[in-house]
Structures are given as structure tokens and as C-alpha cells.
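> Next up is a structure, given as C-alpha cells.
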Amino acid sequence: MEQKNYITSYCSIKNGKVNVNGNETFSEASLPAGEFLKAAYKHFQLNYPKFYKMDALCKLAFVASDILIKANPLVTKYTAEDVSIIIANAASSLEIDTEHQHTISDKNNYFPSPAVFVYTLPNILIGEIAIRNCIKGENTFFIFDKFDADFMSSYTNTLLNGNKAKCCITGWVDFYENSYEAFLYTIEKQADGLNIEHNSVQLNKLYNN
């Protein structure tokens with residue numbers, strides 16, 4: 001008999017709005033992406049000075065994950081090794097890659113910055129979430145054209161059912177050219193919080209909400 005897992009909380013950020021478990025908790029739709037993320041960071045009092053050094057993709061992931069973990073404090077329910085982070089996007093790290101390319105393309109104006117270069121991999125955002133929350137479980141980053149509920153539900157259910165993790169923070173974090181979207185959710189073996197069965201149908205309902 002196949003084991004059931006549960007979506008226990010979620011946070012979505014897009015179009016200048018933050019939604020937690022189906023409730024709009026913050027809105028500043030008139031702000032450009034960078035200013036919106038700073039406003040959300042201050043509104044939710046996330047208090048992590050390193051935030052201001054991150055690239056835009058990591059800032060988006062950081063804000064979404066911190067709000068999610070405030071709503072569902074997984075790190076107090078599970079050991080560091082029992083929590084996995086599985087995230088995907090479409091643009092990879094192209095936003096900061098483009099900025100880095102500008103610093104090295106002109107030999108007469110060559111000024112590469114290690115502070116920029118360090119973010120030229122998309123999975124750095126997983127590292128930022130893990131460091132912030134002392135999470136040591138399995139982590140993986142995927143690139144897809146769009147959010148793939150079938151793949152994400154199958155992959156994370158396999159992790160949980162194979163006892164590779166007891167909980168997953170997973171979803172979609174994408175940022176490119178002032179367009180941004182984060183949809184992060186928690187999956188647990190035990191029903192808790194929202195208590196929604198974890199499958200692609202339910203994921204698509206929440207993602208498109």
C-alpha cells in the first residue's frame with residue numbers, strides 16, 4: 001500500500017503579494033521586484049543582515065522560506081538531517097550571470113567581483129536556506145521550463161517513502177528581469193497544518209491559486 005504524505009503549509013510570492021496558506025499577508029504591488037523584496041523582508045521582520053548581500057534570486061528564496069518556516073517551524077520538529085530541500089526554476093541564475101558577464105566582457109573595463117560570482121549557480125539559494133536554518137538533509141536543484149507538479153510530487157514522495165527524509169521544503173523559485181515567482185511548500189509524512197494529501201493535482205491547485 002502506497003504511503004500518503006501531506007502538504008502541511010505553503011507560501012507563494014508573485015505580483016507584489018505574499019500569500020501564506022491561502023491568506024494574503026503582505027501586498028506592495030506597485031514596487032519593482034528588488035524594492036518589493038526589501039519591503040517584505042522588513043514587514044516580516046526577518047532580521048538576517050546577510051540578506052542585503054544576496055543576489056535577487058537568493059533574496060526571493062530567503063524571504064519565501066523564512067515566512068514558510070515561521071508559519072510551520074519544521075526546524076524545531078525535526079533533526080537537521082531529516083529535512084530536505086528540493087527546488088526548481090526556469091531561469092537558473094541567469095539574472096546574476098548577466099551581471100557577472102558585464103564585468104568581464106570588456107577587457108578595458110574588467111572588474112569581476114567575487115561577491116557577484118559566488119551567486120552564479122542557482123543551487124546557492126538552497127545553501128542560503130540551509131545555513132539560515134541549520135538544515136543538513138538532502139538537497140537538489142532542478143531546471144524546468146515551468147513548474148512541474150508531476151515531477152516534484154513524484155520525486156519528493158520517493159524521498160519520503162524511501163526514508164531519505166521526514167520532511168521536505170520544496171517548490172519553485174524563479175527570478176529574471178524583474179519578473180519573479182516563489183511557491184514553496186512543506187511536505188511531511190504525518191498530517192499536520194493544512195493536511196492536504198500531497199499529489200500533483202493538489203499541488204497544481206495551490207500553485208494556480
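The values are calculated or read from the model by the stated rules, or taken from the named source; none is laboratory data. This structure is a prediction, so every number in the text was calculated from the model and none was measured. Because the Cβ atoms are built from the backbone with ideal geometry, glycine has one as well, and the counts that use them run over all protein chains shown. Side chains are part of the model used for accessible areas, which takes the heavy atoms of the whole protein and leaves out ligands, DNA and RNA. Shrake-Rupley method; radii C 1.70, N 1.55, O 1.52, S 1.80 Å.
> List the aspartates and glutamates whose alpha-carbon lies under 17 Å from that of residue 53, not counting same-chain residues fewer than 8 positions away?
Straight-line reach from residue 53, under 17 Å: 35, 66, 95, 97, 99, 128.
> Let me ask something else about it. Say we join alpha carbon atoms closer than 10 Å with springs in a Gaussian network model of the chain; which of 24, 35, 177 then has the biggest fluctuation?
177
> Ignoring ligands, DNA and RNA, what accessible area per residue does the chain give at 1.4 Å, in Å²?
Accessible surface, normalised per residue, equals 49 Å².
> For the chain, with a Gaussian network of springs between Cα atoms less than 10 Å apart, report the residue from 122, 49, 73 with the top mean-square fluctuation.
49
> For 102, 198, 43, write out the residues from largest to smallest accessible area, computed with a 1.4 angstrom probe and no ligands counted. Show your work: numbers first, answer last.
Details: 102 120, 198 10, 43 95 Å².
The most accessible residue leads, giving 102, 43, 198.
> Any lysines with Cα under 28 Å of the residue 166 Cα? List them, leaving off those in the same chain fewer than 8 positions away.
Straight-line reach from residue 166, under 28 Å: 4, 59, 70, 77, 136, 146, 189, 205.
> For the range 78-209, give me the percentage of DSSP beta bridges that are antiparallel, rounded to the nearest 5 percent.
50
> Still on this structure, please answer the following. Highest GNM mean-square fluctuation, the chain, Cα pairs closer than 10 Å: which of 29, 39, 165?
29
> Out of the total accessible area of the range 67-209 (probe 1.4 Å, heavy atoms of protein only), what percent is carbon and sulfur?
C and S atoms contribute 51 percent here.
> Roughly what % antiparallel, to the nearest 5, for the DSSP beta bridges in the range 1-159?
Bridges in the range 1-159 are about 60 percent antiparallel.
> With Cβ to Cβ distances under 15 Å as the rule, what net charge do the other residues near residue 31 carry (K, R +1; D, E -1)?
Result for the neighbourhood of residue 31: +3.
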